Amino acid sequence: MGFFSIAYHESVRHSLRHVGDPVTLHWDRRTPPDKSYPGAKRFPVEGQGKVVDGDLLSLVNVSSSMLNRLLSQLKNDVSADGLHSVGIYVLLRGERFPDGLYYYDYAEGELVLLPAENAKARRANIDKLCAAFPPNEVMQAAGISLFFTGILDRAVWRYKEGAYRELEIDTGSIAGLVSILARSLGGIAIPFGAFVDDDVAVALGLGASEVPLAALCLMPKSLKKYEAVSDFAYSNRGEIQGDSDLGEGRYASRFLRQNRGECITDLSRCMKICRVVNQPAEGTEFPLTPLKFPNEYFFREYEFLGPGKVSYRNFKPWKASLDDFSTILRWMEICNLNTFGAGLLKIWVVCFDVMLVFPGLYRYVPLKKTLYLQTNSVNRGKFCNAHLSPEAVENASFAVFFTADVEEACNMLGERAYRYLNMNAGFIAEMLRESARGLGKFARREPFFCEDEVRKLCKFPERETLLSEVLVGR
């Protein structure tokens, strides 16, 4: 069968000449949804709460301090172009706030209690929300659960039909930010990419242009029994009824049709897919050097630097040392690389200015900490010209690409695979950005590049689809 995800991706490949099509132009004039919730109770969370011993387990009686830290971190938006296009909802239990479901108003630095008729209706809404996730006992046990949504109104004017894909990548990046914070506090963030989409949308009171994308539960690291939750991805292939459900006249644009194709309506009809271990690639091996600094140094630097917004400044000339290059790639794995999906994402490195490493395209296999040379040269000038702003790319020391065989992924996971892959690409991109910051370097995700030109220049395998690119330099 043909998958709509493949057709959608073909329609939103980044180009230097056009983005989107006229079918989305009416979104330019839309007013962003009103998230003020008039009359709702508001609770400030920007207090001076102090983390005790840097350990999540020590925060049992002062968990609001960790919550303050978490939300102040999320206020530093890491989505592309700083559009604040990802909505954040929080389910709290055992905090100094009343138990309930909140919307985080980042502009005011406040938690807004979502309206409900009475306490009984509020509890019923929370139970319905938790029941939409498998297994829901994890969410029932968590004191803090975060739900991320994509707000299309804030992104469509910039990315047109590609907005939905960008929202998925941005959601993965914000999930990465939360995961690093949880690790720095001695805890873990349990990801959820599978859920009954419409149930979550109703529980959160989402409008027509806001879609649920992912969730994270923050847990003490000692509760390792919950880590197995992220070892599986849920396939919605059993729910796909064919292309008739995605008729042309039902939705105004391709990204809304793509969203409906990815939706899960019945978890009992979904298959649990265990993670796939990618086989090593062919080519000359270049093992990475040992870590320049241990992982503890990364978290110390993270505490010192604090959160930082994504910057789009030009790179400065810099020839990366082999140790810095290896450490940045190794620190990219500071959290689980396969947070979403089933390990179907592939990582490629295009080197330009790295000491003792030949310029060219390499396949990176995290399990072996090894690069495999695929192409022994890449024309830097043509590579820069394949981007919307060549001068902003020209001094990058190396680039990291995340790719996948979308057809293979859809055959395994159904239409949901496309969402998993994009969120996982955004997640690892954020790991990479923070690992570069830990060494005082500069990394950013490049949202606009011509996929066809980059593919031909670097000689990527024909079946691999480019999902995301991260540039690293100084």
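Would you check which residues across segment 239-266 are part of a helix (DSSP H, G or I), of a type outside the set (A, V, I, L, M) and modelled with pLDDT under 75 and list them?
Listed by number, the residues that qualify are 239, 243, 244, 245.
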Selection count where residues are out of contact with any Phe, Trp or Tyr (no Cβ under 9 Å at 6 or more places or on another chain), in a helix (DSSP H, G or I) and of a type outside the set (A, V, I, L, M, F, W, C), scope segment 400-423: 1
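Do the conditions hold for residue 77, that is, is it in contact (Cβ under 8 Å) with a residue 60 or more places away in the chain, over 19 Å from the mean Cα position of the chain (by Cα) and within 19 Å of residue 155 (Cα to Cα)?
no
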Qualifying strands (runs of 3 or more DSSP E) (wholly inside segment 83-154; at least 3 residues being within 24 Å of the chain's Cα centre (by Cα) and either hydrophobic (A, V, I, L, M, F, W, C) or at pLDDT 85 or above (or both)): 86-92, 100-105, 144-151
Those residues of segment 201-216 which are surrounded by fewer than 24 Cβ atoms within 10 Å (Cβ to Cβ) and β-branched (Val, Ile, Thr), in sequence order: 202
Being over 21 Å from residue 101 (Cα atoms) and either in contact with a Phe, Trp or Tyr (Cβ under 9 Å, 6 or more places away or on another chain) or in contact (Cβ under 8 Å) with a residue 12 or more places away in the chain (or both) narrows it down to one of 184, 209, so name that one. 184
Kindly list, by first and then second residue, each pair from a residue in segment 412-437 that is at positive phi to a residue that is part of a helix (DSSP H, G or I) and modelled with pLDDT under 95, limited to pairs with Cβ atoms under 6 Å and residues at least 6 apart or on different chains. 414/237
In segment 424-471, anything open to solvent by 20 Å² or more (accessible area, probe 1.4 Å) and assigned to a helix (DSSP H, G or I) is listed as 437, 452, 453, 455, 456, 457
Filtering segment 336-352 down to residues that are within 23 Å of residue 457 (Cα to Cα) and touching a residue at least 60 places away in the same chain (Cβ under 8 Å), which residue is surrounded by the fewest Cβ atoms within 10 Å (Cβ to Cβ)? 346
Residues of segment 303-335 satisfying the condition of being surrounded by 20 or more Cβ atoms within 10 Å (Cβ to Cβ) and among the aromatic types (Phe, Trp, Tyr): 315, 325, 331
Cβ contacts < 8 Å: first residue without any contact (Cβ under 8 Å) to a residue 24 or more places away in the chain, restricted to segment 123-139; second residue assigned to a loop (DSSP other than H, G, I, E, B) and open to solvent by 60 Å² or more (accessible area, probe 1.4 Å), any location; separation 6+ or different chain. Result? none
Determine whether residue 396 is in a strand (DSSP E or B) and over 30 Å from residue 195 (Cα atoms). no
Return the residues of segment 296-334 that are at pLDDT below 90 and assigned to a helix (DSSP H, G or I); say none if nothing qualifies. 296, 297, 298, 299, 300, 301, 302, 303, 304, 305
Among the residues that make up segment 376-387, is at least one of them over 30 Å from residue 259 (Cβ atoms), in contact with a Leu (Cβ under 8 Å, 6 or more places away or on another chain), aliphatic (A, V, I, L, M) and open to solvent by 10 Å² or more (accessible area, probe 1.4 Å)? yes
When you look at residue 416, is it farther than 20 Å from residue 473 by Cβ, among the charged types (D, E, K, R) and either open to solvent by less than 10 Å² (accessible area, probe 1.4 Å) or at pLDDT 95 or above (or both), yes or no? yes
Could you list, in sequence order, all residues of segment 159-210 that are within 17 Å of the chain's Cα centre (by Cα), closer than 18 Å to residue 258 by Cα and β-branched (Val, Ile, Thr)? 169, 171
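The values are calculated or read from the model by the stated rules, or taken from the named source; none is laboratory data. Predicted, not measured: the structure shown is a model, and the values here were computed from it. Note that we place each Cβ from the backbone using ideal geometry, even for glycine, and neighbour counts take in every protein chain shown. Ligands, DNA and RNA are stripped out before the accessible areas are found, and what is left, the full protein with its side chains, is counted by its heavy atoms. Shrake-Rupley method; radii C 1.70, N 1.55, O 1.52, S 1.80 Å.
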